[in-house]
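Engineer: I'd like to ask some things about the structure below.
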Amino acid sequence: MTLDIFSEKGQESVCQEQRAIFLFQDAYPDWKYIETPKYSPCAADGFLVKNNVLCGVVETKCRDMTIQKFDEYEREWLITMQKIIDCVKIAESLHIPLFGFLYLIPSKMLLIKKIWDNKQGFIINFSVVKSQTQATINGGVAVRSNAYIKMNDATILEDKF
């Protein structure tokens with residue numbers, strides 16, 4: 001299996017994800033974002049650590065979309081439901097919450113939302129719809145169950161540079 005990370009677009013995505021991580025760590029210097037290996041098909045993109053304690057699982061997505069365009073979609077983040085399920089399994093097994101990081105590339109904005117925790121389960125408003133979307137960062141078409149997560153009350157971090 002060839003991973004998308006090895007393509008030019010995949011490498012661009014790694015750089016964009018690094019920007020999102022930088023924004024998070026700049027805003028929350030007591031926290032560390034620990035990445036999972038990018039050259040293997042990991043279920044989650046990273047973990048959050050504070051005071052050397054594992055405190056969260058993170059799924060990070062970078063979208064080539066302005067905040068204005070995102071507003072036109074009523075701030076609903078489309079993400080493959082299987083990614084959410086896989087990350088919840090990890091979070092549940094470790095008794096830590098799952099966070100979603102959505103980086104809007106042209107606007108240089110990181111939206112952060114707590115998605116799930118052990119006490120409440122899912123703590124977000126979302127719907128699941130089987131729909132046709134781009135298969136991977138390199139294109140193609142896939143029909144799968146996608147979650148549409150409301151990001152209206154997400155924490156927003158803006159890159160000032």
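Engineer: State which residue is surrounded by the fewest Cβ atoms within 10 Å (Cβ to Cβ) when the search covers only segment 1-45 and only residues that are modelled with pLDDT under 85, hydrophobic (A, V, I, L, M, F, W, C) and outside any loop (DSSP other than H, G, I, E, B).
Structural biologist: That would be Phe6.
Engineer: For segment 143-157, name all the residues that are surrounded by 13 or more Cβ atoms within 10 Å (Cβ to Cβ), part of a strand (DSSP E or B) and out of contact with any helix residue (DSSP H, G or I) (no Cβ under 9 Å at 6 or more places or on another chain).
Structural biologist: Once the filter is applied, which keeps residues that are surrounded by 13 or more Cβ atoms within 10 Å (Cβ to Cβ), part of a strand (DSSP E or B) and out of contact with any helix residue (DSSP H, G or I) (no Cβ under 9 Å at 6 or more places or on another chain), segment 143-157 yields Tyr148, Lys150.
Engineer: Please find, among Lys114, Lys130, Lys108, Lys160, the residue that is charged (D, E, K, R), surrounded by fewer than 13 Cβ atoms within 10 Å (Cβ to Cβ) and within 22 Å of Arg19 (Cα to Cα).
Structural biologist: Going through Lys114, Lys130, Lys108, Lys160 in turn, just one is charged (D, E, K, R), surrounded by fewer than 13 Cβ atoms within 10 Å (Cβ to Cβ) and within 22 Å of Arg19 (Cα to Cα): Lys160.
Engineer: Enumerate the strands (runs of 3 or more DSSP E) found wholly within segment 97-142, keeping only those where 1 or more residues are under 16 Å from the mean Cα position of the chain (by Cα) and within 13 Å of Thr155 (Cα to Cα).
Structural biologist: 98-104, 109-117
Engineer: Related question: Select from segment 50-102 the residues that are over 19 Å from Val129 (Cα atoms) and β-branched (Val, Ile, Thr) and list them in ascending order.
Structural biologist: Val53, Val57, Val58, Thr60, Thr66, Ile67, Ile90, Ile96
Engineer: Looking at Trp77, is it touching a residue at least 60 places away in the same chain (Cβ under 8 Å) and either of a type in the set (Phe, Trp, Tyr) or more than 29 Å from Val143 (Cα to Cα) (or both)?
Structural biologist: yes
Engineer: Restricting to segment 73-102, what's the tally of residues that are of a type in the set (Ser, Thr, Tyr) and crowded, with 20+ Cβ neighbours inside 10 Å?
Structural biologist: Count: 0.
Engineer: So Thr60 passes all but one of these: (1) closer than 20 Å to Tyr148 by Cβ; (2) surrounded by fewer than 17 Cβ atoms within 10 Å (Cβ to Cβ); (3) without any contact (Cβ under 8 Å) to a residue 60 or more places away in the chain. Which condition number does it fail?
Structural biologist: (2) is the only condition that Thr60 fails.
Engineer: Which one of these does Lys69 not meet: (1) over 16 Å from Ile156 (Cβ atoms); (2) not in a loop (DSSP other than H, G, I, E, B)?
Structural biologist: Lys69 satisfies all of (1) over 16 Å from Ile156 (Cβ atoms); (2) not in a loop (DSSP other than H, G, I, E, B) except (1).
The values are calculated or read from the model by the stated rules, or taken from the named source; none is laboratory data. Please read these numbers as outputs of a predicted model, since none were measured by experiment. All Cβ positions, even for glycine, are placed from backbone atoms using ideal geometry, and neighbour counts span all protein chains on display.
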